[in-house]
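Reviewing the structure listed below.
Nothing in this text is a laboratory measurement; each read-out follows from the coordinates by a stated rule. All figures in this text were calculated on a predicted structure; none of them were measured in a lab. Ideal geometry is used to build each Cβ from the backbone, glycine not excepted, and the neighbour counts take in all protein chains shown.
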């Protein structure tokens with residue numbers, strides 16, 4: 001029985017010595033909620049603009065009596081290229097502004 005008490009005490013000493021050897025830590029820095037919300041809004045804005053442009057371009061191709069498969073294929077392709085083009089225009093504008 002006395003053996004068990006000594007083991008528990010030894011374990012407590014180990015914990016105390018480990019706590020003094022722990023490395024220092026940095027203070028907690030909260031997340032910038034405004035930046036995260038802005039990034040979320042930009043993400044959903046890009047998705048919605050892609051969807052709307054795809055529908056409009058597909059409508060134009062279908063009105064021009066292009067086959068349905070090709071109308072949707074070219075609508076998606078043009079919408080993707082439009083999104084990439086807008087992204088590069090914005091990045092180019094940001095680079096010139098700096």
- Estimate the FRET efficiency between residue 62 and residue 94 by the formula 1/(1 + (r/R0)^6), using the beta-carbon distance for r and 41 Å for R0, to the nearest 0.05. 0.65
- Query: So what's segment 49-98 giving for Cα Rg divided by 2.2 N^0.38 Å, two decimals?
  - Reply: 1.44
- Task: Run the quick spin-label model on residue 72 and residue 27: label points 7 Å from Cα toward the beta carbon, then report their separation in nm to one decimal.
- Result: 5.6 nm
